[in-house]
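A.B. asks: Questions regarding the structure given below will be posed in turn.
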Amino acid sequence: MAKKKGFPEQKIIDNIKALAIDTIDNASSGHPGIVLGAAPILYTLYAKHLKIHPGDPNWLNRDRFVMSAGHGSALIYSILLMAGYNITIEDLKNFRRLGSKTPGHPEYGLTPGIDFTTGPLGQGLAGAVGIAMAERFLATKYNAKKKNILDTDKVLFDYYTYVLCSDGDLMEGVSYEAASLAGTFNLNRLIVLYDANNISLDGKIEKVFTENISSRFTALGWHTETVKDGENIKEIDRAISNAKKRNKPTLIQIKTTIGSGSQKAGTNQVHGTPLSREDIQNLKNSWEIRDVPFAVSKEAVDEFRKMIMDRNGKKYETWSNFIGAYVETQTAEIQAEIKLLLKGNVPIDINLPSLMWQFPPDLKEPMRDTNAKIMNVIADNIFNFIGGNADVASSTKVNLLKWPDYHFDHYDGRNIAFGVREHAMGAILNGLAVSGCKPFGATFLTFADYLKPAIRIAALMNIPVTYVFTHDAINIGPDGPTHQPVEQLAMLRSTPNLDVYRPADAKEIVGTWDMILKSNRPSAVVISRNEVPLLAKTDMNGVAKGAYIVRNEQTKLSGIIIATGSEVNTAITIANELFIKGIDLRVVSMPCMEHYLRQPIDYQNALLPTGYKTIVIETGSSFGWHRFVYNEKYLMTIDRFGKSGTIDQVLSDCGFDNQTLTNKIEQLFR
């Protein structure tokens, strides 16, 4: 009896294409070009390589896939449906509609099988570097060894991170920054599939992008492969198999035709415009698929799912059984860590204020130094607290003293030297955060602009990334206006879902970190470089309310000063001086505007009652503070760039010396 031939692979690919094209056509919106060009790439990956279990999309040791070319969302949704994830035809019909689990670009936490939010080009590839770094970190920490040799029967973490990227991804600078680090760190379980179709939205890339990508990545320390025919499944399969044998990250350049088979194949006209009805009919005729919207072959779906489960079912079962046995043999500390990782991103309540903080009443030191000490205490208590600096550790003081730098000979290191790569740092932190880490990254506040796209992605994903920004005001003086932040606080506070903290002293820094660890939201800690005294009335627990009183009125309330950071000390000094002149001011420290605005309205009204003059003192933009004041003249802020000079000279030039501020506030009450 003749052996039955397997179901034709091309038939599965054609059904993937048909589903995705119908998805785009039904929405009258989407990107058909990548669907038709890259479907063979993703079919090969999912059918032959990706270690997944569609029934458990959050399997801790699954391979990760990042659709960096996020405009190809219809393609990945169709793949996920056919692979057996909890996505239905109805979900595809709701593509790009409000409230659906199939949004315009892939969103982490919304769609099963989506490991990272993508859309802004380059962010996915750069974030995948962080995911791959996390795998090496966790593998080094938890995988069992025998005499310093990996015990291959006892592996908790050995997943690969795959990326599908486009020409546009590789034009973006963030991908270059991140790829450079990936090569430096020898992240050999990172494999990038480059859909090289030579077309971008505006036309052929030869007008703007002519470099030799393979040579570029080779120079960055990557292994490279080239597949000349993007329709050749065997060659794509071979290239991925070769990549798995390398001790470097791999870029596989796959030559494809955008919109393959359509009337506008090979042109930018098929990039972001749905196909015509005639084009769809012709394509489906060539695939021998009925021209009925969302018609899909049950045999193709069944075969695709069988291929995936034949490879992965036993792996999933073996790993699931092993982790249970592994946990039972470990110390209570390791057991708690593994259980935490299995739960995913959850808040950590170590109650920092309850620890023995011995701050002397006469403490006066740079806040960056105090913050560094507190972060080291956190690192002693939290196993997955990992991060680093954009080449400014000596200035931010952010360094975990008991741990080495993260590198290929120390993947268990918890200090990451990102180099001068702020943008990549932000994106890599996102990858670490979706992989079970509590990451942080530090640089000067003025360079927050370099991180903004990655911060926005973190806020969209609602993941626990913490940004530590030092050198927070014009009072860094001699560095000049290029390094003196003015508008950055307003930019950060305007970002939805980002908590921005500007603590006033050591106690508020402790309270800030306590709130950060209790939250899964992204956070920014804005810290002064300069010496700040320990203030008498500040409160670690007061940070939880976002704003609270640090100087009460003594007799009858004349007005209120709101201040943040080191300006809280300035405000108290001014209030004390004006009290002698008969002006009785309440001083409110507002370390986190976002937390204050979440408080019950009764608390807000009691803290900042209406009918009283309310003044804001902050060495930054007035933008965002208008909600608390009646008139522009009550804003003691800065809406211009600084200058280069001594601290005193710059403060005086900006009208921010104590005497000028005191005089201006006094005049408001005369």
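The values are calculated or read from the model by the stated rules, or taken from the named source; none is laboratory data. All values derive from a computational prediction rather than experimental measurement. Please note: Cβ atoms are built from the backbone with ideal geometry, for glycine as well, and neighbour counts cover all protein chains shown.
A.B. asks: Look at segment 380-402 and say how many of its residues are in contact with a Lys or Arg (Cβ under 9 Å, 6 or more places away or on another chain), crowded, with 18+ Cβ neighbours inside 10 Å and of a type outside the set (A, V, I, L, M, F, W, C).
C.D. replies: Here the count works out to 5.
A.B. asks: Right, something else. Restricting the search to segment 626-670, which residues are farther than 23 Å from Q488 by Cβ and not in a helix (DSSP H, G or I)?
C.D. replies: Y630, N631, F669, R670
A.B. asks: Give the residue that is surrounded by the fewest Cβ atoms within 10 Å (Cβ to Cβ), with candidates limited to residues of segment 453-510 that are over 15 Å from T619 (Cβ atoms) and of a type in the set (D, E).
C.D. replies: D499
A.B. asks: N631 - would you say it is farther than 22 Å from A473 by Cα, at pLDDT below 95, among the polar types (S, T, N, Q) and surrounded by fewer than 23 Cβ atoms within 10 Å (Cβ to Cβ)?
C.D. replies: Taking the combined requirement at face value, the residue satisfies it.
A.B. asks: Can you tell me which residue among D505, D539, D499 is more than 27 Å from I583 (Cβ to Cβ), touching a strand residue (DSSP E or B) at 6+ places or on another chain (Cβ under 9 Å), of a type in the set (D, E) and modelled with pLDDT of 95 or more? Even if it seems obvious, please write down each step before you answer.
C.D. replies: Working: D505 fails: more than 27 Å from I583 (Cβ to Cβ); D539 fails: more than 27 Å from I583 (Cβ to Cβ).
Just one listed residue meets the conditions, D499.
A.B. asks: Which residue, of W357, W403, W319, is more than 26 Å from A458 (Cβ to Cβ), touching a residue at least 12 places away in the same chain (Cβ under 8 Å) and assigned to a loop (DSSP other than H, G, I, E, B)?
C.D. replies: W357
A.B. asks: Only one of I52, I21, I79 is crowded, with 20+ Cβ neighbours inside 10 Å and either more than 20 Å from H105 (Cα to Cα) or touching a Cys at 6+ places or on another chain (Cβ under 6 Å) (or both); which? First the steps, then the outcome.
C.D. replies: Numbers: I21 fails: either more than 20 Å from H105 (Cα to Cα) or touching a Cys at 6+ places or on another chain (Cβ under 6 Å) (or both); I79 fails: either more than 20 Å from H105 (Cα to Cα) or touching a Cys at 6+ places or on another chain (Cβ under 6 Å) (or both).
Only one candidate passes the filter, namely I52.
A.B. asks: I need a count of the residues in segment 166-217 that are polar (S, T, N, Q) and over 22 Å from K248 (Cα atoms). So that I can check it myself, show each step before the final result.
C.D. replies: Residues of segment 166-217 that are polar (S, T, N, Q), as a first pass: 166, 175, 180, 184, 186, 188, 197-198, 200, 210, 212, 214-215.
Checking which are over 22 Å from K248 (Cα atoms) leaves us with 197-198, 200, 210.
The qualifying residues number 4.
A.B. asks: Only one of these conditions is not met by E177: (1) over 19 Å from A424 (Cβ atoms); (2) assigned to a helix (DSSP H, G or I); (3) charged (D, E, K, R); (4) in contact (Cβ under 8 Å) with a residue 40 or more places away in the chain. Which number is it?
C.D. replies: Only one criterion in (1) over 19 Å from A424 (Cβ atoms); (2) assigned to a helix (DSSP H, G or I); (3) charged (D, E, K, R); (4) in contact (Cβ under 8 Å) with a residue 40 or more places away in the chain is unmet by E177, namely (1).
A.B. asks: Which of the residues spanning segment 511-536 are among the acidic types (D, E) and under 16 Å from T466 (Cα atoms)?
C.D. replies: D514
A.B. asks: Go over the candidates N285, N212, N232 one by one and state the one that is at pLDDT 95 or above, closer than 19 Å to P8 by Cα, surrounded by fewer than 16 Cβ atoms within 10 Å (Cβ to Cβ) and not charged (D, E, K, R). Steps first, please.
C.D. replies: Values: N212 fails: closer than 19 Å to P8 by Cα; N232 fails: surrounded by fewer than 16 Cβ atoms within 10 Å (Cβ to Cβ).
Checking each option against the conditions leaves just N285.
A.B. asks: Can you tell me which of S528, S519, S589 is small (G, A, S) and surrounded by fewer than 24 Cβ atoms within 10 Å (Cβ to Cβ)?
C.D. replies: Residue meeting the stated conditions: S519.
A.B. asks: Given the criteria modelled with pLDDT of 95 or more, outside any loop (DSSP other than H, G, I, E, B) and of a type in the set (A, V, I, L, M, F, W, C), does L340 qualify?
C.D. replies: Values: modelled with pLDDT of 95 or more: no; outside any loop (DSSP other than H, G, I, E, B): yes; of a type in the set (A, V, I, L, M, F, W, C): yes.
Against the criterion (modelled with pLDDT of 95 or more, outside any loop (DSSP other than H, G, I, E, B) and of a type in the set (A, V, I, L, M, F, W, C)), L340 does not qualify.
A.B. asks: Quick one: would you say R521 is at pLDDT below 95, at negative phi, in a loop (DSSP other than H, G, I, E, B) and touching a helix residue (DSSP H, G or I) at 6+ places or on another chain (Cβ under 7 Å)?
C.D. replies: no
Residue-wise test of (1) more than 19 Å from the chain's Cα centre (by Cα); (2) modelled with pLDDT of 95 or more; (3) not hydrophobic (A, V, I, L, M, F, W, C).
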| position | (1), (2), (3) |
| --- | --- |
| I382 | yes, no, no |
| V392 | yes, yes, no |
| L401 | yes, yes, no |
| D412 | yes, yes, yes |
| L429 | no, yes, no |
| T443 | no, yes, yes |
| Y450 | no, yes, yes |
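A.B. asks: Right, next: For segment 12-128, please list each of the helices (runs of 4 or more DSSP H) lying entirely inside it that holds at least 1 residues being touching a residue at least 60 places away in the same chain (Cβ under 8 Å) and touching a Gly at 6+ places or on another chain (Cβ under 9 Å).
C.D. replies: Working: elements: 32-48, 73-83, 89-93.
So the answer is 32-48, 73-83.
A.B. asks: D472 is checked against (1) within 10 Å of the chain's Cα centre (by Cα); (2) in a loop (DSSP other than H, G, I, E, B) and fails just one. What number does that condition carry?
C.D. replies: (1) is the only condition that D472 fails.
A.B. asks: Moving on. Output the number of the condition that M309 fails; it satisfies all remaining conditions of (1) under 19 Å from P54 (Cα atoms); (2) among the aliphatic types (A, V, I, L, M); (3) assigned to a loop (DSSP other than H, G, I, E, B).
C.D. replies: (3)
A.B. asks: Another question, if that's okay. Quick one: is T250 assigned by TED's automatic domain parsing to the domain that holds N15 and surrounded by fewer than 16 Cβ atoms within 10 Å (Cβ to Cβ)?
C.D. replies: On the way: assigned by TED's automatic domain parsing to the domain that holds N15: yes; surrounded by fewer than 16 Cβ atoms within 10 Å (Cβ to Cβ): no.
For T250, the condition - assigned by TED's automatic domain parsing to the domain that holds N15 and surrounded by fewer than 16 Cβ atoms within 10 Å (Cβ to Cβ) - is not met.
A.B. asks: Related question: Taking only segment 138-174 into account, find how many residues are part of a loop (DSSP other than H, G, I, E, B), modelled with pLDDT of 95 or more and not aromatic (F, W, Y).
C.D. replies: Matching residues across segment 138-174 total 2.
A.B. asks: Hey, another quick one. Which is assigned by TED's automatic domain parsing to the domain that holds V526 and assigned to a strand (DSSP E or B), of I455, I386?
C.D. replies: Being assigned by TED's automatic domain parsing to the domain that holds V526 and assigned to a strand (DSSP E or B) holds for just one of I455, I386, which is I386.
A.B. asks: If you go through segment 351-364 one residue at a time, how many are surrounded by 15 or more Cβ atoms within 10 Å (Cβ to Cβ) and either within 21 Å of A442 (Cβ to Cβ) or hydroxyl-bearing (S, T, Y) (or both)?
C.D. replies: Total satisfying the criteria: 1.
A.B. asks: Let me confirm something: among I416, I374, I334, which residue is in contact (Cβ under 8 Å) with a residue 12 or more places away in the chain, of a type in the set (A, V, I, L, M) and assigned to a strand (DSSP E or B)?
C.D. replies: I416
A.B. asks: Go through (1) surrounded by 24 or more Cβ atoms within 10 Å (Cβ to Cβ); (2) under 25 Å from V629 (Cβ atoms) and name the single condition I572 misses.
C.D. replies: In the conditions (1) surrounded by 24 or more Cβ atoms within 10 Å (Cβ to Cβ); (2) under 25 Å from V629 (Cβ atoms), I572 misses (1) alone.
A.B. asks: Among the candidates R598, R627, R640, single out the residue that is of a type outside the set (S, T, N, Q) and without any contact (Cβ under 8 Å) to a residue 12 or more places away in the chain.
C.D. replies: R627
A.B. asks: Yes or no: D167 under 22 Å from R64 (Cα atoms), among the charged types (D, E, K, R) and in contact (Cβ under 8 Å) with a residue 60 or more places away in the chain?
C.D. replies: No.
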